[in-house]
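Take a look at the structure below.
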Amino acid sequence: MLFESAPIQKTPALTRDMGFHDVAAFFRQYPDATLCPVVDTHAVPIGYVSSMSFQTMLASPFGHALHEKKKIHSLMKCGADFPSIRDRIADVIGRYISDDRTIRDGLVLVGPDGRYHGIMSGLHVFEAMNTIHTSMLAKLTLEIAERKVAEQKIKSLADEDPLTGILNRRAFVREVDAHIARGIPFACAFVDLDRFKHLNDRYGHAVGDEVLKTISNRLSNNAALAHAARLGGDEFAFVVRASGGSAAIQQILEDTQAELIRGIDSAVGQVFVGASIGYAIHLMDTFEQAAMLHAADKSMLRIKAQGGGVARFNRALDIGSQEADMVDLALVSAVANKRFEPAFQPILDVRTGRIVGHEMLARWPQSGLQTDPMPTQFIQAAERLGLIDPLFWSLADKAVASMDDSDTFLALNISPSQLCSDHFLDKLDSLVTRHRVDPARLELEVTEHIYFSNLDLSTEILSKVRAMGVSVALDDFGTGYSSLKLIDQLPIDKIKIDRSFVAQEGGKTVRGTILKATIALCKELGIKSCTEGIETRENLHLIAQLGCDLAQGYLIGRPEIRGKAPPQENRLSA
């Protein structure tokens, strides 16, 4: 709001050769004026006489007699600001506030030519500021409302499968966690469509998409089911409440399977797909989220191999109880005797072509079993058995102990449950002190799963981690809704961009555009960027062109146990 759009009194101005009686006459003629402007011979303001000060002068004993012969220059206030009518009111008032001054008497205004234009009383200045505040408050209220709508839309899009509109995998896992937290039985079911690939190849993706949408509608419109989700491809999942017991769940799922295999109308006529449903019941078959999802998937694969239908998880049939027990026993012994070994995957500085760091990964090279378990298998088992924390610190101890005197850093993956566990900071400090390693050479990697844990506590702990000198990286960035909020809330030094964004080479794809925008965002925020999954020189050249700081992937080097790795090139050019 400009002064020219506010109420201005167009009173005449007095000159410096005038005196007391002229001022008195001015205030008699303009009783609402809070000040009397004074100008020079060119009509440029040089000061003003305050109405309040003048009235106080007259009210004093013998005031009239003492001051009646004075000239204006001895009555007026000099050195005041004379804003232009083209100035913004908020800017002028802001200057007064910053200088700890008041506008009690009002303001003398000048026109664009610098000559006297009029006056504005203190009351009118206050009213104008109040109008500005009201307008700003209205705009702020509208902006907050629009932002909430936008955030809700973003959250909705992040939770939804873009093709079918039902939940995606991330949202479904969150709902399963919520059901587990309630502590009541329920069934988690996985669905795989049989003959879908044949249908898709024969009639094209348009018909395949119609089939997926129809299946989604049938699942989401089924009142007996909850949280229908598309996990990816032709795989779906949902929850069934166990209020009627295991027999009732089996009947609901058999009815659901019959509904899914009904004919589907499409552009090429009626088409048919089969459906294999596997499920597990919480508190009966499994107790934890990861185990439950795994059990539902295993039972689904078993019934699919048998030609389709419905199957409940059976440990002996789906995993093999003897084999699972052997893995568990070997794992407990291996953790107690520290038989796990850290493997190191190199991280490249894209600009210099030098290896500047390594990520520590877990390996079990001599398990004593018939086949050494894969990392995903024994990590899940360690989490299920509550052994992930001792396993991690044993590996970290070996990894830090093997660090040489170079300036490379070591990245350690930490789970949200470990981060928020008792004495985490003490253990980290002990690790640093025991090996006399510079904390600046250590980095903690956290995934966006931290969003679904105690985010406030995680933020507090990570702030203390950084205060120790250890840096923090956000891993697998870009795979879910939480990432943007985490960038704003978490104290992070680096973003590791998920490998899926370079899986489709070329910057003109949607994923390529997101990759480019993410690297640009890192630069804007002063955060280092590291792209994972670099497997070809084309991948490396692409991220180099986009200005990415670091790269990791099989092109740079595979994870190797130290002492068993072949000689590693320490330079690689993009």
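We did not get these values from a lab; they are worked out from the coordinates using the rules stated. Bear in mind that the values here come from a model prediction, so they are computed numbers and not experimental data. Positions of Cβ are generated from backbone atoms using ideal geometry, with glycine treated the same way; all protein chains shown enter the neighbour counts.
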With the charge dipole of the chain built from beta-carbon charges (+1 for Lys and Arg, -1 for Asp and Glu) about the Cα centre, the Cα from His358, Ile72, Leu525 projecting farthest to the positive end belongs to Ile72
In degrees, nearest 10, the alpha-carbon axis of helix 321-336 is tilted away from the dominant principal axis of the alpha carbons of the chain by 60 degrees
Residue separation between Ser463 and Asp397 times 0.36 nm, minus their alpha-carbon distance, gives in nm 21.5 nm
Quick note on Thr131, Thr447, ordering by fewest other C-beta atoms within 10 Å, gives Thr131, Thr447
Note to self: C-alpha centroids of region 227-292 and region 31-96 sit apart, in Å, by 84 Å
Computed for the chain: size of charge dipole around the Cα centre, +1 on C-beta of each Lys and Arg, -1 on C-beta of each Asp and Glu, debye to nearest 20, value 900 debye
Charge dipole of region 3-131 built from unit charges on the beta carbon (Lys, Arg +1; Asp, Glu -1), centred at mean Cα; most positive-end Cα among Thr131, Gln29, Gly106 is Gln29
Candidates for percent of Cα pairs over 46 Å apart are (1) 42; (2) 38; (3) 47, and the calculated one carries label (1)
Exposure-ranked with fewest Cβ neighbours within 10 Å first, Lys148, Lys197, Lys494 stand as Lys148, Lys197, Lys494
Within region 351-434, DSSP-loop trypsin sites (Lys or Arg not before Pro) with at most 13 other C-beta atoms within 10 Å are Arg351
Among beta bridges assigned by DSSP with both residues in the chain, the antiparallel ones amount in percent, to the nearest 5, to 60 percent
In the structure shown, of Lys464/Lys494; Lys427/Lys496; Lys427/Lys464; Lys398/Lys427; Lys427/Lys494; Lys427/Lys523, the pairs separated by more than 21 angstrom at the C-alpha atoms are Lys427/Lys496; Lys427/Lys494; Lys427/Lys523
Neighbour-count ranking for Val510, Val23 (other C-beta within 10 angstrom, fewest to most) reads Val510, Val23
Here FRET efficiency (C-beta to C-beta, Asp422 to Tyr96, R₀ 60 Å, nearest 0.05) is 0.65
So for region 271-376, using the alpha carbon gyration tensor with a ≥ b ≥ c as root eigenvalues (a/c under 1.5 gives rounded; past that, a/b versus b/c decides prolate or oblate), I'd call it oblate
Tilt, helix 245-260 to longest principal axis of the chain (alpha-carbon atoms), in degrees rounded to tens, equals 80 degrees
FRET efficiency for Glu4 and His64 from the Cβ-Cβ distance with R0 = 45 Å, rounded to 0.05, comes out at 0.70
With x for Gly and Pro, the residue-by-residue ³J(HN,Hα) of region 43-52, computed from phi through the Karplus equation 6.51 cos²θ - 1.76 cosθ + 1.60 at θ = phi - 60° and given in whole Hz, is 6, 9, x, 10, x, 7, 10, 6, 4, 5
Between the Cα axis of helix 289-305 and the main Cα principal axis of the chain, the angle (0 to 90°, nearest 10) is 50 degrees
